[in-house]
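Trainee: One structure, as structure tokens, below. Some questions next.
The values are calculated or read from the model by the stated rules, or taken from the named source; none is laboratory data. Quick caveat, the model's predicted, so the values are computed rather than measured. Reconstructed Cβ throughout: ideal geometry from the backbone, glycine too, with neighbour counts over all protein chains shown. The accessibility values were calculated without ligands, DNA or RNA, using every heavy atom of the protein model including side chains. Shrake-Rupley method; radii C 1.70, N 1.55, O 1.52, S 1.80 Å.
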Amino acid sequence: MKSDRLLSILLLLQTRGRVPARELAERLEVSVRTVYRDVEALSAAGVPVYAERGRHGGIELLAGFRTDVTGLTADESRALFVLAAQGAHAALGLDTAFGSALRKVMAALPAPHRPAAETASRRILVDATRWRGGPQPTVDLGVLRDAVFADRRLRLRYRHSGERQVRTYTVDPYGLVAKAGVWYLVADRRAEPRLFRADRVRSARLLDDPVRRRPGVELADAWEGLRRQVEERPGGLDVTVRVRRDRLDMFLRLTAFLPAELLDDDGESEWATVRLTYGFLPETRQLLVFGDQVEVLSPPQVREELARAAGSVAELYQRSGEAPA
């Protein structure tokens, strides 16, 4: 609707200052000509907005002009009060500020929309943690958060998975990402994108140097590239297994962190066939937790790896007749 588009232009200008007409057109998915007509409509309605032509031109509000959020629709009001995992705000030290901000927004909402917003906050809850994920280690995001907000470099002491040695890195942070209840720092090291799991940071120190990010790269861009590297890493090990039908749902939930494909499932047979992709051979030992409910069909080296691991476990318990006191 045109009224929604006019409000979007007004709020974008209020937030960003001068914005090129072409950028507004791309954001709103309309033509540049339509943007200029909308600007004329805003001006005719008494909004002090003006456009400047030229290479460095754009559309801008008169300095000091502000509006409120009374143009929000009912669905937009609900969306603001659907609380994502509350632990995210607490981890960043923003839970009190977040609650205060929501109260201020509630006060500014049109009166007819307030009941819907309050109901949404009580009826919708997003919990980003996985089932049976176990207790997450306590993570102090204070220094990481300060570096992200202050645009400063960081000195990290970091332990990689599977290593005892703690390494030291100087990084240029883009931001923090919470994925399935786990916090990650997205940063450049020597102009190359890197992903650091926050609970593996042994210490972090804010440096005086300003951050040195690659030009034109935002957090979302850096995260997307790193995410693809993790999910589409080459050289993955494809493993085909058969799973007992009554354990299939649980199996798929507990292996949700892996790329998986259900093969030739008629929904009736005792077994279902699933193909998983692991990063390397030792990771496949995770399949042992399912006991005889899951059998590896291929490749042979995975069957051999699991047989060796199961044999080692059996030997451990058979080594002596009595358990240690």
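Trainee: Of the residues that make up the range 237-247, is at least one aliphatic (A, V, I, L, M), modelled with pLDDT under 90 and open to solvent by less than 70 Å² (accessible area, probe 1.4 Å)?
Mentor: Going through the range 237-247, the residues aliphatic (A, V, I, L, M) turn out to be 237, 239, 241, 243.
Applying the additional criterion that residues be modelled with pLDDT under 90 yields 237.
Restricting the remaining residues to those that are open to solvent by less than 70 Å² (accessible area, probe 1.4 Å) gives 237.
Within the range 237-247, one or more residues are aliphatic (A, V, I, L, M), modelled with pLDDT under 90 and open to solvent by less than 70 Å² (accessible area, probe 1.4 Å).
Trainee: Please give the strands (runs of 3 or more DSSP E) falling wholly within the range 164-266 in which 1 or more residues are of a type in the set (Val, Ile, Thr) and either farther than 21 Å from Gly93 by Cα or touching a residue at least 12 places away in the same chain (Cβ under 8 Å) (or both). Reasoning before the result, please.
Mentor: Working: elements: 167-179, 182-189, 192-197, 201-210, 237-244, 260-263.
Result: 167-179, 182-189, 201-210, 237-244.
Trainee: Counting only residues that are out of contact with any helix residue (DSSP H, G or I) (no Cβ under 7 Å at 6 or more places or on another chain) and open to solvent by less than 60 Å² (accessible area, probe 1.4 Å), which one in the range 98-118 is farthest from Phe149 (Cα to Cα)? Explain how you work it out, then say what you get.
Mentor: To start, the set of residues in the range 98-118 that are out of contact with any helix residue (DSSP H, G or I) (no Cβ under 7 Å at 6 or more places or on another chain) comprises 99-104, 107-108, 110-112, 115, 118.
After this cut, where a residue has to be open to solvent by less than 60 Å² (accessible area, probe 1.4 Å) as well, the list is 99-102, 108, 110.
Details: Gly99: 20, Ser100: 20, Ala101: 18, Leu102: 21, Ala108: 27, Pro110: 32 Å.
The extreme case among them is Pro110.
Trainee: A further question follows. How many residues does the range 248-296 hold that are within 23 Å of Val182 (Cβ to Cβ) and either under 26 Å from the mean Cα position of the chain (by Cα) or open to solvent by less than 70 Å² (accessible area, probe 1.4 Å) (or both)? Lay out the reasoning, then the answer.
Mentor: Looking only at the range 248-296, we keep the residues that are within 23 Å of Val182 (Cβ to Cβ), and these are 250-260, 276-280, 282-287, 289.
This time we only want the ones that are either under 26 Å from the mean Cα position of the chain (by Cα) or open to solvent by less than 70 Å² (accessible area, probe 1.4 Å) (or both), so: 250-260, 276-280, 283-284, 286-287.
Summing the residues that are within 23 Å of Val182 (Cβ to Cβ) and either under 26 Å from the mean Cα position of the chain (by Cα) or open to solvent by less than 70 Å² (accessible area, probe 1.4 Å) (or both) in the range 248-296 gives 20.
Trainee: Residues that are closer than 30 Å to Asp172 by Cα and not assigned by the TED database to the domain that holds Ala180: does the range 254-276 have at least one? Step through it out loud before you land on a result.
Mentor: Taking the range 254-276 first, the residues closer than 30 Å to Asp172 by Cα are 257-258.
With not assigned by the TED database to the domain that holds Ala180 added as a condition, the list becomes 257-258.
There is at least one residue in the range 254-276 that is closer than 30 Å to Asp172 by Cα and not assigned by the TED database to the domain that holds Ala180.
Trainee: Taking the stated definitions as given, is Val182 among the hydrophobic types (A, V, I, L, M, F, W, C) and touching a Gly at 6+ places or on another chain (Cβ under 7 Å)? I'd like the intermediate steps shown before the answer.
Mentor: Numbers: among the hydrophobic types (A, V, I, L, M, F, W, C): yes; touching a Gly at 6+ places or on another chain (Cβ under 7 Å): no.
Judged against the criteria, Val182 is not a match.
Trainee: Related question: Looking only at the range 211-218, decide whether some residue is of a type in the set (Val, Ile, Thr) and either surrounded by 15 or more Cβ atoms within 10 Å (Cβ to Cβ) or modelled with pLDDT under 90 (or both). Walk me through how you get there before you give the answer.
Mentor: Taking the range 211-218 and keeping what is of a type in the set (Val, Ile, Thr), we get 211, 217.
Now narrow it down to the ones that are either surrounded by 15 or more Cβ atoms within 10 Å (Cβ to Cβ) or modelled with pLDDT under 90 (or both): 211.
Yes - at least one qualifying residue is present in the range 211-218.
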